Amino acid sequence: MSSKSKQARQKKNQPKKQKGKGRKGKKKQKKVDKFAKVYSKQKKSVPVRDLYQVMRWPKYIKIQRQRKVLMKRLRVPPAINQFTNTLERNTAYQLFTLLSKYSPETKKQKKTRLQKVAESKVIGDNVKAKKPLTVKYGINHVTSLVERKKAKLVIIAHDVDPIELVVWLPALCRKMGIPYCIVKGKARLGKVVHKKTATALALTDVKQQDKNAFAKIIDICMPKFNDNVETRTKWGGGVLSSKARKAIEKNLESSQLSKKLMQEQKIRERIIKEKLEQQRLEEEAQKKKEEEAKNGKPEADKTEDKTNEKKKTKK
């Protein structure tokens, strides 16, 4: 028999190793991802970095952000600053739910309505075709409605660009006594009117069932926008950057520290003066004692002897 066959038989005859009875202290190795990048000897994960300043932003985003910062830093006149005062979230939600009921017809809806009117005329029915109650849009149309006092409520977007398109409209509404409100988002107004954006909307009338909700909205808008004098006179902007604020705080802290140090120094000087004065007085008292010890009698005793001698001479 060959040596290879013998070795094979011996391996077969050997008892099998039981599981779990291996070498002591041997631990299972963790599975390592082959494609994971290693950045140190300790095999740490990729460090998280803030890439805001590193990233190369598009030009339009840069301009947006620079403009926003400028509007914060510069002093903004009240006519422009009034557009920062917008409707609250709950009232805005109520307003947009109301506006959604009066969104204008689409082209298809208008076509079908006009076709029905034409068919009725052909048949001979005297049906009066009434236009549905809808929200009016377009800055020229809205201004004409305000000037003729037909608008019941004017809704203006806060982020119109350029702002000169809308900046005069609140003043006109106040002059004509028509309630107005400023709402966040020209895109939201555009959605109501099936457009991308809309600068201003106007409601001329409302159905009987929605009159209570409409009256509530007007009650909120009148004191907040029409009768609010603060928003018309309040200047905006002038907000310093975090860096500038920190620098001012640092200067204030340093000035306060210097004041404290000056006060402490004055107190120390006063204490030193008091101590020096005390030492001088003590030294003077000690000198007097030494002089008295040299003369033999203290000065007080000498004065007493002189007075006694004078009395005796008189006798």
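When you check residue 188 against the structure, is it within 22 Å of residue 145 (Cα to Cα) and assigned to a helix (DSSP H, G or I), yes or no? Steps first, please.
Values: within 22 Å of residue 145 (Cα to Cα): yes; assigned to a helix (DSSP H, G or I): yes.
It is true that residue 188 is within 22 Å of residue 145 (Cα to Cα) and assigned to a helix (DSSP H, G or I).
Residues of the range 213-234 that are surrounded by 14 or more Cβ atoms within 10 Å (Cβ to Cβ), over 24 Å from residue 99 (Cα atoms) and among the polar types (S, T, N, Q): 228, 231. Residue check: is residue 161 of a type outside the set (Ser, Thr, Tyr), under 30 Å from residue 64 (Cα atoms), part of a loop (DSSP other than H, G, I, E, B) and modelled with pLDDT under 90? So residue 161 fits the description; yes.
Within the range 179-188, identify whether any single residue is free of Cβ contacts under 8 Å to residues at least 40 places away in the same chain, open to solvent by 50 Å² or more (accessible area, probe 1.4 Å) and in contact with a helix residue (DSSP H, G or I) (Cβ under 7 Å, 6 or more places away or on another chain), and answer yes or no. No: zero hits. You will find that of 156, 139, the residue that is surrounded by fewer than 17 Cβ atoms within 10 Å (Cβ to Cβ) and of a type in the set (A, V, I, L, M) is 139 and no other.
Kindly evaluate residue 93 against the criterion of being surrounded by 10 or more Cβ atoms within 10 Å (Cβ to Cβ), modelled with pLDDT under 60 and either under 30 Å from residue 163 (Cα atoms) or aromatic (Phe, Trp, Tyr) (or both). Judged against the criteria, residue 93 is not a match. Checked against the criteria, residue 110 counts as more than 34 Å from the chain's Cα centre (by Cα) and loosely packed, with under 14 Cβ neighbours inside 10 Å. Return yes when residue 247 is in a strand (DSSP E or B), small (Gly, Ala, Ser) and under 30 Å from residue 64 (Cα atoms) and no when it is not. No; evaluated as a whole, the condition is false for this residue. Report yes if some residue within the range 190-202 is among the hydroxyl-bearing types (Ser, Thr, Tyr) and open to solvent by 10 Å² or more (accessible area, probe 1.4 Å); otherwise report no. The answer is yes, given that some residue of the range 190-202 is among the hydroxyl-bearing types (Ser, Thr, Tyr) and open to solvent by 10 Å² or more (accessible area, probe 1.4 Å). Among the residues here, residue 169 qualifies as under 22 Å from residue 77 (Cα atoms) and crowded, with 16+ Cβ neighbours inside 10 Å.
Within the range 54-76, residues that are part of a loop (DSSP other than H, G, I, E, B) sit with their Cβ atoms under 9 Å from residues that are basic (Lys, Arg), at 6+ positions apart or across chains, in these pairs: 57/65.
Pull up the range 113-136, narrow it to residues that are over 24 Å from residue 214 (Cβ atoms), basic (Lys, Arg) and open to solvent by 90 Å² or more (accessible area, probe 1.4 Å), then point me to the one that is farthest from the chain's Cα centre (by Cα).
Applying the first criterion (over 24 Å from residue 214 (Cβ atoms)) to the range 113-136 yields 113-129.
Restricting the remaining residues to those that are basic (Lys, Arg) gives 113, 116, 121, 128.
Still in the running and open to solvent by 90 Å² or more (accessible area, probe 1.4 Å): 116, 121, 128.
Details: 116: 55, 121: 62, 128: 55 Å.
Among those that are over 24 Å from residue 214 (Cβ atoms), basic (Lys, Arg) and open to solvent by 90 Å² or more (accessible area, probe 1.4 Å), it is 121.
The values are calculated or read from the model by the stated rules, or taken from the named source; none is laboratory data. Everything quoted here is computed from the prediction, not taken from an experiment. With ideal geometry, Cβ positions are generated from the backbone for all residues, glycine too; neighbour counts draw on all protein chains shown. We work out accessible area using only protein heavy atoms, side chains counted, and drop any ligands, DNA or RNA first. Shrake-Rupley method; radii C 1.70, N 1.55, O 1.52, S 1.80 Å.
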